[in-house]
Structures are given as C-alpha cells and as structure tokens.
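A short write-up of the structure that comes next.
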Amino acid sequence: MVKLEIQEEKLPISIEEFRLKALAWADTHPLAAYYNPNYIPYPHDGFDHLLAVSSGKPLRLNLEDAYDRLRQQLVAQHPLLCGYLGYDLKNQTEDLISKNHDGIDFPLLTFFVPEAFIYFNTSSITIYSSEKKNSLFLSSIFETPTPAAHAPTGIKLQQRVSKDRYIEQVERVRQRILEGDVYELNFCMEFYAEQVQLQPLPLYLSLNQTSPTPFSGYLKLYDRYLMCASPERFLKKEGPKLISQPIKGTIRRGSTPEEDHMLQHQLRHDEKELAENMMIVDLVRNDLSRSCETGTVQVEEMFGIYGFKQVWQMISTVVGELKPEHDLVDALVGAFPMGSMTGAPKISAMHIIEELEDTKRGLYSGAFGYIKASGDCDFNVVIRSMQYNASNEYLSFMVGSAITYDSNPELEYEECLLKAKAMLDVLGARVGDK
C-alpha cells in the first residue's frame, strides 16, 4: 500500500468536513469500520482515529477453529485487519453453548483486510491505498454529500425482560451467590424494536454527539450495523505490552459542578462498587497471567474515576508483558471475553448467564477493534451500543450491571436504565414494558 499524507491547508475543505464525507463514502461500501477516540484524555489513549473500507469479502474465520484461522491471518501480516470478536467465541474455549434469541445475527468472528484506510489527525490526514486508487478515493470523497446527525422518530422499544422478571432473575443470581456457584455476575437485558427502517450512519453520528467516548465506533457488515459508544477497553497490545482496563462502577453526572463533584466522590467511596471493581481486577490479572511473563502482571491504576458526558465510571488499569513464545491470539484466548461482562469465577458466571438471560449476546459483550501488521492491536468492549439488521428491520441494544450478594435489585435496574439513557435519548423512544 502507498502512504499519502495531506496537511489540512492542502485540502479544499476542513478535516472535520472531510471526515464526515469520508464516513458517508465508506458507508457505500459493503464493509466499513470506523474507530473514533473523540480526543478524550484516557490512560494509554483511546482508539486510533481510523476509517477503513473494502469492496471485497471478509476473511473466512467464522468456523469451529476460528482462533487458529485468525492466527494464520496474523502470520500473513496484512497492513490492517478490522473487525470484531463475538461474545460467543467463549464456546470455542470452554464447554459452553448459546441458544437464546438473536435478532441481529452477527457472525461469530469477522475481520476484513481494507483496500483503503485513513488516519485522521488534528492537522492532517494519512491515506493508505494503492497508488492508482488514491486520487480516485479522494475525488469520490469530495463529491460525497456531507452527512448530518439524525435519529429516527416514533420508535417503540420493548424490553425482552420486564422489570418484575429482571428483579426475579437478580434474586436468582443472589441465590446462586449464596450457594457458592459465583460471587459476582454481570446480568444483562435487551431493548429492541421491530419493523424499523433507519439510516445507521446518521444515527451513529447522533449517538456520538450525545455520548462521545474514547472507544466509539461504527461497523457496516453488509446489512448489519454496529453503532458503538463504548467507554471501555478490552485489550491493547503495544509490542510485548498488554493493557486491559475493566470498568466496574457507574454513577450519573451532576446537573451542577457541586453535585457533579459530590457524585464523583460518592462513586470513589462506594464500598459495593469498590468491591466489584476489585473482584474484576483480580480476574483480569489472572486472565493476563495466562499469556504474560511471570511477575509482569501489575495493577497500574486502581479505582480511577473518569468522567464522560453521561456518567462517571470507575476504571482500573492492568498491564503485563507477553511471553516471547506467545502471540496476540494467545492473549485473546486467555482474556476473552472481558471479565467485567461475565463475572467471577468467569466460567461459572458464563454458564449462569446462559441460563438466566433471555437474549443471545452476540456482538454485545464482545470486542470491536483492529490489528496492525506488527501484531499490535486495540479492542474495546462492545457496550453502550446499538445494533441493527437492515434485512429483518430489527434494532437492538443491551445493558447490564454487576450483581453481588449485596445488590439491591431495584437499584441494579435503575443502573441499567442509566446506561441505556444515551441510546434512549438519541432514539427519542418510549419503552413498552412487557
């Protein structure tokens, strides 16, 4: 691939307008992936600001030996791989199954090799493509109408799980904790709408305006779409260094600076939230230790409080050094899925999740990201995200919270609604509770 760097003063339009036009241009391709850090300060930074497209087909990875096939592709050292790991890849490493309802039907694992990709910087853009196509891509982008943020109206969302049933299921989780099967479990529920016709890219732009995050993203896979406003990193690899940043602990933002500071302080000193975060940090340390050198797994930051537009989050950072004989796939197998979305012990928690939840998680709770030719990567945790299947006109998003024995089911339900707020606001939707 040929690299072409263009400074902003050499562009006939601003970088911001170019970015929006490029997104709309990318959306005309069958495969497109966009990663947006929103330039939010974050330990170890957010995503690279990156857009990738392909008119071809994704790699054939969605089989029983998906991880081995991914490893083969990494050996080929493609300039870039863009895609995701679906939550149910867990079934390939553990004795687990998934039979719940799935209205979106994303493939289990998808990556594609882009024919062109663009890095957006504050004062320049960098395009990678074949030399013959660079000028063609640029002229096509300039000619593309600039999209605007827009959300559909009149959508009636339904809850797959009613409030009463949610509370019943949380009580069942507490009982399983009492019986010693698990000591923390992330229990999730789905909001969905049927017979929905919408434009996914304008909806994503609206979501990103409402809830900008460091791991925001947009994915088009033919007729399936991900509109993601994730604040959470699953795994970043920089050389031999692995970085994982579990989130456990959420509270709303205040309406005044004084209330906002009070809520921040309240989250930092909430014993339940601290205990949940500590449990998951221990789990992530154990996960990373499977592929990292002995003694290198360290907690770089514990209980960090970070503010986003909608919420305060408690985030911890765990790092380690990959063993020389291990590669990225070993790190993914050892750590996936993210412990913050399962619970602890992880395998027991995943069994109970399949038993008590009513929706197959699919891409939700999975990881969306990119892998560079060097083997370095960055993946988020797919949360605070909407998914859309344009063929069957099904729109869906899921939210959840960590349940411990001390959990108050009513408060856990309210936390789920808080996490759903940005998506509910963007959709202007009313919820028809079953």
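If you fit an axis through the alpha-carbon atoms of helix 131-143 and take the longest principal axis of the Cα set of the chain, what angle between them do you get, 0 to 90°, nearest 10?
For 131-143 against the chain, the angle is about 70 degrees.
Compute the longest continuous run of the chain that contains no exposed GluC sites (Glu not before Pro); treat a site as exposed when its DSSP state is not H, G, I, E or B and it has at most 16 other Cβ atoms within 10 Å.
It works out to 195-292.
Mind listing the phi-derived Karplus ³J(HN,Hα) values for the stretch 382-398, rounded to whole Hz, using 6.51, -1.76 and 1.60 with θ = phi - 60°, and x for any glycine or proline?
Taking θ as phi minus 60°, the curve returns 6, 9, 6, 9, 9, 10, 9, 10, 5, 6, 9, 6, 10, 10, 8, 8, 10 Hz for the stretch 382-398.
At q = 0.09 Å⁻¹, what is the log10 ratio I(q)/I(0) for the chain, with the Debye formula run over Cα points and no solvent?
These q points yield log10 I(q)/I(0) values of -0.54.
Once fully extended, how much extra length lies between residue 105 and residue 425, figured as 0.36 nm per residue of separation less the alpha-carbon to alpha-carbon distance?
112.7 nm
Please label the shape of the stretch 59-160 as rounded, prolate or oblate, based on the square roots a ≥ b ≥ c of the eigenvalues of the alpha-carbon gyration tensor (a/c under 1.5 means rounded; beyond that, a/b larger than b/c means prolate, else oblate). Let's see the in-between values first.
On the way: a/c = 3.17, a/b = 1.28, b/c = 2.48.
It comes out oblate by the Cα gyration axes.
Given axes a ≥ b ≥ c from the Cα gyration tensor, I'd like to know whether the stretch 139-227 is rounded (a/c under 1.5), prolate (a/b larger than b/c) or oblate.
Prolate.
Can you give me the % of accessible surface on the stretch 120-277 that is carbon or sulfur? Probe 1.4 Å, all protein chains present, nothing else counted. Walk me through the intermediate numbers first.
Working: 3210 of 6720 Å².
In the stretch 120-277, the share of accessible area belonging to carbon and sulfur is 48 percent.
Under a cut-off of 26 Å between alpha-carbon atoms, report the lysines in cross-link reach of residue 132, not counting same-chain residues fewer than 8 places apart.
Partners within reach: 3, 10, 21, 57, 220, 372.
What angle, in degrees between 0 and 90 and rounded to the nearest 10, separates the Cα long axis of helix 346-356 from the longest principal axis of the Cα atoms of the chain?
It is inclined by approximately 80 degrees.
Which FRET efficiency value, to the nearest 0.05, is calculated for residue 299 and residue 57 with the Förster distance at 35 angstrom and r the Cβ-Cβ distance? Please report the intermediate quantities before stating the final value.
Values: r = 42 Å, r/R0 = 1.19.
Efficiency, rounded to the nearest 0.05: 0.25.
What FRET efficiency would be calculated for the residue pair residue 373, residue 414, taking the C-beta separation as r and a Förster radius of 51 Å, to the nearest 0.05? Kindly include the intermediate steps, with their values, before the conclusion.
Values: r = 45 Å, r/R0 = 0.89.
E between residue 373 and residue 414, to the nearest 0.05, is 0.65.
Where the centre of each part is set by its Cα atoms, how far does the stretch 83-143 sit from the stretch 382-434, in angstrom?
25 Å
Accessible area per residue of the chain at 1.4 Å probe, in Å²? Please report the intermediate quantities before stating the final value.
On the way: 17150 Å² over 434 residues.
Ligands and nucleic acids excluded, the result is 40 Å² per residue.
Could you go through the stretch 325-337 in sequence order and give the Karplus-derived ³J(HN,Hα) for each residue, using 6.51 cos²θ - 1.76 cosθ + 1.60 with θ = phi - 60°, rounded to whole Hz, and x for Gly and Pro?
7, 10, 10, 4, 4, 4, 5, 5, 4, x, 10, 8, x
Can you tell me the orientation of helix 409-427 relative to the chain, as the angle in degrees between its alpha-carbon axis and the longest Cα principal axis, to the nearest 10?
Between the helix axis and the principal axis of the chain, the angle is about 20 degrees.
Using the basic label-point model (7 angstrom from Cα toward the beta carbon), what is the residue 252 to residue 391 distance in nanometres?
If labels sit at residue 252 and residue 391, their model points lie 4.0 nm apart.
Taking R0 as 45 Å, what's the FRET efficiency between residue 290 and residue 5 from their Cβ-Cβ distance, rounded to 0.05? Walk me through the numbers before you get to the answer.
Working: r = 40 Å, r/R0 = 0.88.
The value I calculate is 0.70.
Pulled fully out, how much extra length does the chain show between residue 278 and residue 262, if you take 0.36 nm times their separation in residues and subtract their Cα-Cα distance?
Value of the extension gain: 3.5 nm.
With each pseudo-label sitting 7 Å past Cα toward Cβ, what's the residue 222-residue 167 distance in nm, one decimal?
Reported label-point gap for residue 222 and residue 167 is 4.4 nm.
Using the Kirkwood radius over Cα pairs, work out the Stokes-Einstein diffusion coefficient for the stretch 1-98 at 20 °C and 1.002 mPa s, in µm²/s as a whole number.
128 µm²/s
If you bin every alpha carbon distance in the stretch 332-384 into 5 Å steps from zero, what whole percent lands in each bin?
Histogramming the stretch 332-384 at 5 Å steps yields 4, 17, 24, 25, 14, 8, 4, 2, 0 percent.
The values are calculated or read from the model by the stated rules, or taken from the named source; none is laboratory data. These figures come from a predicted structure and were not determined experimentally. For neighbour counting, all protein chains shown are included, and Cβ atoms are generated from backbone atoms with ideal geometry for every residue, glycine included. For accessibility, only protein heavy atoms count, side chains too; no ligands or nucleic acids. Shrake-Rupley method; radii C 1.70, N 1.55, O 1.52, S 1.80 Å.
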